[in-house]
Amino acid sequence: QVQLLESGGGSVRTGGSLRLSCTASGSIFPANVMGWYRQAPGKQRELIAVITSGGTTNYADSVKGRFTISRGNVKNTVYLQMNSLKPEDTAVYYCNLNVLKSSYWGQGTQVTVSS
């Protein structure tokens, strides 16, 4: 069974940085896409960044130039480096794994940015 474990959320002031981590465990086909989504109160979950197993990345316009998604040396680990954080980045951040037409989610980690 595939499980995703996230860490790294917290509270920062405007302009601060945080790094989120996510490790997927279980039997996972090597060709996959991992990504980060977020959901703010009263809003729909939105895609923030994705990275393929080959290293191709894609970002939402709202985070381009501020956030960086990367794969770790540990298999099926993904990071989200978040810089220049703004109050509108406040949300629960979810790790996602798409593999062989299945989608898996982490439990979410809270990121709060205060002005």
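The values are calculated or read from the model by the stated rules, or taken from the named source; none is laboratory data. All values derive from a computational prediction rather than experimental measurement. Protein only, heavy atoms only, side chains kept; ligands, DNA and RNA dropped before computing areas. Shrake-Rupley method; radii C 1.70, N 1.55, O 1.52, S 1.80 Å.
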When only Cα pairs under 8 Å and 6 or more residues apart are kept, what is the percent relative contact order across the chain? 35
Comparing Pro30, Pro41, Pro87, which has the greatest mean-square fluctuation in the GNM of the chain with Cα pairs linked when under 10 Å apart? Pro41
Per residue, in Å², the accessible surface of the chain once ligands and nucleic acids are set aside, probe 1.4 Å: 54
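Using a 1.4 Å probe on the protein heavy atoms, what percent of the accessible area of the chain belongs to carbon and sulfur?
Numbers: 3010 of 6210 Å².
Carbon with sulfur: 49 percent of the solvent-accessible area.
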Partner aspartates and glutamates for Lys64 [C-alpha distance under 19 Å; skip if fewer than 8 residues away on the same chain]: Glu46, Glu88, Asp89
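If Glu88, Glu46 are ordered by their accessible area, calculated over protein heavy atoms with a 1.4 Å probe, which sequence runs from highest to lowest?
Working: Glu88 125, Glu46 75 Å².
My answer, sorted largest first, is Glu88, Glu46.
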Explain nothing, just compute: Karplus ³J(HN,Hα) = 6.51 cos²θ - 1.76 cosθ + 1.60, θ = phi - 60°, for every residue of region 90-106 in order, whole Hz, x for Gly and Pro. 4, 4, 8, 9, 10, 8, 9, 10, 10, 8, 6, 6, 10, 10, 10, 10, x
GNM, the chain, Cα, under 10 Å: largest mean-square fluctuation among Gly16, Gly26, Gly72? Gly26
